[in-house]
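**Student:** My questions all concern the structure below.
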Amino acid sequence: MTDPTPHLFWITSRAAGFAALVLASLAVSAGLLMSTKLLKGRTSELRSGHDTLALATIVAIVLHGAALLGDQFLHPSIADIAIPLHSSYKTFWTSLGIVGGWGLALLGLSYYARRYVGAARWRKLHRFTALAWLAGLAHALGEGTDAGQVWFLAMIALVVVPALALLLTRLSRSGAGAPPVGQPQTSKNRPSGPTLTTGVVPIAASEPQH
């Protein structure tokens, strides 16, 4: 058997990257399910699960990048894993991963600063979450060590295909007159507070109106 010790950091990063993609895809699906109202009456359960998936995704992204700092083959610097176009290793795909990672993390954490950002502005920023997720998906398929493996493609398809289908459904409804992706539908009788509908941002119930 091959001693995994010299490759421990690379294996850890590889596993964390896979986990981040799966978690992000599930979080996107949960948000879009609430947005499209395909599962009526299950909003509270989806919201609770989405919160957990959102935070777990951010943790996995951080671990995915940080673990590479100890890799004995790449020997990346902090700039290599944090700044797009800085790394010389598969620069395009690496940069896509960095952009996607920063996007998911910052847009996710911006939820907690929405009072300062402003609800309307926050909802507009949130629309870029789907693009950050797609960038992460492209990074995994273009640079991932297991990208050509059947087991990897099959497992990713289980979570990515439903998310893509829900995203297309949401976009089609938006084009037909529904609120844009990322903007919650509101009642004519009672205003609603900021609510996540898609992406990797924790969801909270509408805030009380005064």
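The values are calculated or read from the model by the stated rules, or taken from the named source; none is laboratory data. Everything numeric in this text was worked out from a predicted model, so none of it was measured. Note that we place each Cβ from the backbone using ideal geometry, even for glycine, and neighbour counts take in every protein chain shown. With ligands, DNA and RNA removed, areas are computed over all heavy atoms of the protein, side chains included. Shrake-Rupley method; radii C 1.70, N 1.55, O 1.52, S 1.80 Å.
**Student:** Anything in segment 48-74 that is in a loop (DSSP other than H, G, I, E, B) and more than 24 Å from Ala135 (Cβ to Cβ)? List them, or say none. Outline the logic, then answer.
**Tutor:** In the first step, residues of segment 48-74 are kept if they are in a loop (DSSP other than H, G, I, E, B); the result is 71-74.
Those that are in a loop (DSSP other than H, G, I, E, B) and more than 24 Å from Ala135 (Cβ to Cβ): Gln72, Phe73.
**Student:** Now for a separate question. Test each condition in (1) open to solvent by 50 Å² or more (accessible area, probe 1.4 Å); (2) at pLDDT below 95; (3) touching a helix residue (DSSP H, G or I) at 6+ places or on another chain (Cβ under 8 Å) for Ala105 and report the one that comes out false.
**Tutor:** (1)
**Student:** Looking only at segment 38-49, which residues are modelled with pLDDT of 80 or more and either touching a Cys at 6+ places or on another chain (Cβ under 7 Å) or open to solvent by 60 Å² or more (accessible area, probe 1.4 Å) (or both)?
**Tutor:** If the condition is that a residue be modelled with pLDDT of 80 or more and either touching a Cys at 6+ places or on another chain (Cβ under 7 Å) or open to solvent by 60 Å² or more (accessible area, probe 1.4 Å) (or both), then Ser48 is the only one that fits.
**Student:** Kindly indicate the residue of segment 108-137 that is open to solvent by 30 Å² or more (accessible area, probe 1.4 Å) and not in a helix (DSSP H, G or I) and also farthest from Phe18 (Cα to Cα) among those meeting that condition.
**Tutor:** Step one: filter segment 108-137 for residues open to solvent by 30 Å² or more (accessible area, probe 1.4 Å), giving 109, 112-117, 119-121, 123-125, 127-128, 131, 134.
Add one more test, that the residue is not in a helix (DSSP H, G or I), and what stays is 127-128.
Values: Arg127: 24, Phe128: 22 Å.
Only one residue fits best here, namely Arg127.
**Student:** If you don't mind, another one. Please give the number of the condition Asp146 fails out of (1) in a helix (DSSP H, G or I); (2) over 17 Å from Ala60 (Cα atoms); (3) touching a residue at least 12 places away in the same chain (Cβ under 8 Å).
**Tutor:** (1)
**Student:** Given the criterion at negative phi, of a type in the set (Gly, Ala, Ser) and open to solvent by less than 30 Å² (accessible area, probe 1.4 Å), identify the matching residue among Ser88, Ser95.
**Tutor:** Sole residue among the options that is at negative phi, of a type in the set (Gly, Ala, Ser) and open to solvent by less than 30 Å² (accessible area, probe 1.4 Å): Ser95.
Results for (1) exposed (fewer than 13 other Cβ atoms within 10 Å of the Cβ); (2) at negative phi, shown as yes or no for each residue.
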{"residue": "Ser35", "(1), (2)": "no, yes"}
{"residue": "Asp51", "(1), (2)": "no, yes"}
{"residue": "Ala56", "(1), (2)": "no, yes"}
{"residue": "Gln72", "(1), (2)": "yes, yes"}
{"residue": "His75", "(1), (2)": "yes, no"}
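**Student:** Could I ask something else about it? Let me spell it out: the conditions are (1) polar (S, T, N, Q); (2) buried (at least 17 other Cβ atoms within 10 Å of the Cβ); (3) farther than 26 Å from Ser174 by Cα; (4) in contact (Cβ under 8 Å) with a residue 60 or more places away in the chain, and Ser25 meets all of them except one. Which number is the exception?
**Tutor:** Exception for Ser25: condition (3).
**Student:** Moving to a separate point now. Under 16 Å from Trp133 (Cβ atoms) and in a helix (DSSP H, G or I) - does that describe any residue in segment 40-47?
**Tutor:** no
**Student:** Go through (1) more than 18 Å from Asp51 (Cα to Cα); (2) in contact (Cβ under 8 Å) with a residue 60 or more places away in the chain one by one and return the number of the condition Ala130 breaks.
**Tutor:** Just one mismatch for Ala130, condition (1).
**Student:** Quick test of your reading of the structure: Tyr112 fulfils all but one of (1) touching a helix residue (DSSP H, G or I) at 6+ places or on another chain (Cβ under 9 Å); (2) farther than 27 Å from Ala154 by Cα; (3) of a type in the set (Phe, Trp, Tyr). Name the failing condition by number.
**Tutor:** (1)
**Student:** For segment 80-107, give me the residue count where each residue is assigned to a helix (DSSP H, G or I) and under 29 Å from Arg127 (Cβ atoms).
**Tutor:** Counting residues in segment 80-107 that are assigned to a helix (DSSP H, G or I) and under 29 Å from Arg127 (Cβ atoms) gives 19.
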